[in-house]
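For reference, the structure is listed below as structure tokens.
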Amino acid sequence: MLVRRCDELIEVRKGLVAGCEAPEQFLWRDRRWVVCRLLGYWVETGAWWEQPGVSALLGGGEEGGEEGGRDAPGPATVAELLEEHEVWRVEAARRQFNIGVFDLAFSWGDASWRLRCILD
């Protein structure tokens, strides 16, 4: 299976798909895709352990440059640490014979939808 990575903003309309509220159609590069099947759903959290300032937020000290950490980034906010994305893997069609599998991600942080990847 070939995976093509994307990171493009898309427009999504939610509705009922197989009895579940999910992405029903999406607009990508001025083309409308209609969801035929839901193949998967999961929630991803941000990589909180990689955020600058995590140890400061958790009560640890930050070590920085030669001047006692003045150049070190400030503590991460709770919102940054808890950023979540809903990811929907869908099979969608543009025409009868133009069908693909897509990962659509919704970010709770900025209420945006992104096309993450296409699976061939």
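The values are calculated or read from the model by the stated rules, or taken from the named source; none is laboratory data. What you see is a predicted model; the values in this text were computed from it and never measured. We place every Cβ from the backbone using ideal geometry, glycine too, and count neighbours over all the protein chains shown. When the accessible area is computed, the model is the full protein with side chains, heavy atoms only, and any ligands, DNA or RNA have been set aside. Shrake-Rupley method; radii C 1.70, N 1.55, O 1.52, S 1.80 Å.
Based on what the data block shows, is Glu67 open to solvent by 70 Å² or more (accessible area, probe 1.4 Å) and at pLDDT below 70? Step through it out loud before you land on a result.
Details: open to solvent by 70 Å² or more (accessible area, probe 1.4 Å): yes; at pLDDT below 70: yes.
Against the criterion (open to solvent by 70 Å² or more (accessible area, probe 1.4 Å) and at pLDDT below 70), Glu67 qualifies.
With the condition kept exactly as written, say whether any residue in segment 31-49 is assigned to a loop (DSSP other than H, G, I, E, B) and modelled with pLDDT under 90. Reasoning before the result, please.
Within segment 31-49, the first condition is being assigned to a loop (DSSP other than H, G, I, E, B), and the residues that meet it are 46-47.
Add one more test, that the residue is modelled with pLDDT under 90, and what stays is 46-47.
Yes - at least one qualifying residue is present in segment 31-49.
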| remark: Residue hits (segment 21-48; of a type in the set (Lys, Arg) and either under 16 Å from the mean Cα position of the chain (by Cα) or surrounded by 11 or more Cβ atoms within 10 Å (Cβ to Cβ) (or both)) are Arg32, Arg37
| said: Under 6 Å between Cβ atoms, which residue pairs at least 6 apart in sequence (or on different chains) link something in segment 6-20 that is modelled with pLDDT under 95 and surrounded by 10 or more Cβ atoms within 10 Å (Cβ to Cβ) with a partner that is part of a strand (DSSP E or B) and not hydroxyl-bearing (Ser, Thr, Tyr)? | reply: Cys6/Leu115; Cys6/Cys117; Val17/Glu24; Val17/Val35; Val17/Leu38
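Does Ala93 count as touching an Asp or Glu at 6+ places or on another chain (Cβ under 9 Å), open to solvent by less than 70 Å² (accessible area, probe 1.4 Å) and modelled with pLDDT of 65 or more?
Numbers: touching an Asp or Glu at 6+ places or on another chain (Cβ under 9 Å): no; open to solvent by less than 70 Å² (accessible area, probe 1.4 Å): yes; modelled with pLDDT of 65 or more: yes.
Considered against the rule, which asks whether it is touching an Asp or Glu at 6+ places or on another chain (Cβ under 9 Å), open to solvent by less than 70 Å² (accessible area, probe 1.4 Å) and modelled with pLDDT of 65 or more, Ala93 comes out as no.
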